[in-house]
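K.L.:
Mind looking over this structure? Questions follow.
The values are calculated or read from the model by the stated rules, or taken from the named source; none is laboratory data. Quick caveat: nothing in here was measured; it's all calculated off a predicted structure. Here the Cβ positions follow ideal geometry from the backbone for every residue, glycine too, while neighbour counts run over all protein chains shown.
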Amino acid sequence: MTVTELRTPCVLVDRARVERNLERMQAAADRRGFRLRPHAKTHKSIELARRQIAGGAVGVCCAKLGEAEIFADAGVDDIRLPYPLNPVNAERVVALLDRSRVSFIVDHWDVARGWSDALRREGQEVDVLVKVDVGFHRCGIDPSSADAAELIARVAALPGLRFRGLLSHAGHGYGASSDAEVRAIAQDEASILANLRERVQALGVAVDEVSVGATPTVRFSLEQDGITELRPGNYIYFDRTQVTLGAAAWDDCALTVLARVVTRPDGGRIILDSGSKTLTNDLARGFSAAPGYGAVLQSIDGVQTPDDSLLIERLSEEHATVRASGDRHPLQPGDLVRIVPNHSCVVSNLVDAAWLVEGNDVLERLEISARGRIT
Ligand SMILES: Cc1ncc(COP(=O)(O)O)c(C=O)c1O
């Protein structure tokens, strides 16, 4: 079967590109002796998590316990949640321990104490890392505060918690405006963590792990020392944002949306059936302006060159309004297009299954089993 026989809109995942993206990242991590623990938020697929682990990854990351439960049930036996879980979830964490080694982050004294109390009551011990804010200013302790190392030492001494090390996420790399800026963010991240590690070790506390991870910065994290683990997620599919950030080429983008032209109101306007329910309202980020809600490719045959005369200028839930510039564009109602979305992680969260393809041949259905697990 070819993609022309699929119902639209739908999500296509190019198997050869996924393989290449996974192999490249694993090889790069192996060359540096860094462990790779991909964030499964991007694919949310049991099959792809297994493929990552078979290729050398030490386990996966999940943001939510609901996702971790799906992967643990499927036999993934090492799951890290780099997310500030609240101790109200203690029962769910303990239930997971039967089937998987579980670790999570803490970045707040009261929360760490809450976990310690809850786990002690359950007679359990769990691995924790302390999340460090390296400039994204979302979660994490402030490494410049005078008592940061003391706070970590106090967390490490709490019963019920097995302190493993430090973890950061340089999400501010998505806001960088040049390669040099992305590199500087990765360098800063590594040096902030190295400095804090020394301060903590000076208090007699072992820091065995230093975990970093974000797809824009990972290429430069590979140049740094003192790191033990990489946690990129988006690298499995990449997307328009990663191309615009210099982290990928169009040919690396493994996830595309297949959409159909449903009407052609005038020469300049083409309406597709892929609205915000498929493409999402996320805008692209990156070094240069990338307006609109995705890049329409010139063909559906798997060759990935964007058609620069088409701009997806507006989305409603079920429609994409595409503005065509220049001479009258040949697309007509019924025609298919492939779109590289701005942000692939959120697209895969919106569908129960994608189609694994090679070129425009459909190979098989790819279940996205952990999608929609928001708790
Ligand atoms: C804590 C954490 N680690 C790792 C990642 C993976 O980042 P990326 O999707 O940029 O590879 C994310 C993504 O949101 C994250 O929140």
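K.L.:
Could you say whether any residue in the stretch 3-25 is acidic (Asp, Glu), buried (at least 22 other Cβ atoms within 10 Å of the Cβ) and closer than 30 Å to VAL88 by Cα?
P.N.:
no
K.L.:
I'd like the residue in the stretch 283-303 that is assigned to a loop (DSSP other than H, G, I, E, B) and in contact with a Phe, Trp or Tyr (Cβ under 8 Å, 6 or more places away or on another chain) and, out of all such residues, is surrounded by the fewest Cβ atoms within 10 Å (Cβ to Cβ).
P.N.:
LEU283
K.L.:
Mind checking which residues of the stretch 212-245 are of a type in the set (Val, Ile, Thr), within 11 Å of the ligand (Cβ to nearest atom) and more than 24 Å from ARG50 (Cα to Cα)?
P.N.:
Correct list: THR217, THR241.
K.L.:
Next question. Within the stretch 30-56, which residues are small (Gly, Ala, Ser) and within 13 Å of the ligand (Cβ to nearest atom)?
P.N.:
ALA40, the sole residue that qualifies.
K.L.:
Would you be able to say whether some residue in the stretch 257-273 is in a loop (DSSP other than H, G, I, E, B), within 16 Å of the ligand (Cβ to nearest atom) and modelled with pLDDT of 95 or more?
P.N.:
Looking through the stretch 257-273, none of the residues is in a loop (DSSP other than H, G, I, E, B), within 16 Å of the ligand (Cβ to nearest atom) and modelled with pLDDT of 95 or more.
K.L.:
Ok, one more. Scanning for something within 27 Å of ARG219 (Cβ to Cβ), of a type in the set (Ser, Thr, Tyr) and out of contact with any strand residue (DSSP E or B) (no Cβ under 7 Å at 6 or more places or on another chain), does the stretch 162-169 turn up at least one residue?
P.N.:
Taking every residue of the stretch 162-169 in turn, none turns out to be within 27 Å of ARG219 (Cβ to Cβ), of a type in the set (Ser, Thr, Tyr) and out of contact with any strand residue (DSSP E or B) (no Cβ under 7 Å at 6 or more places or on another chain).
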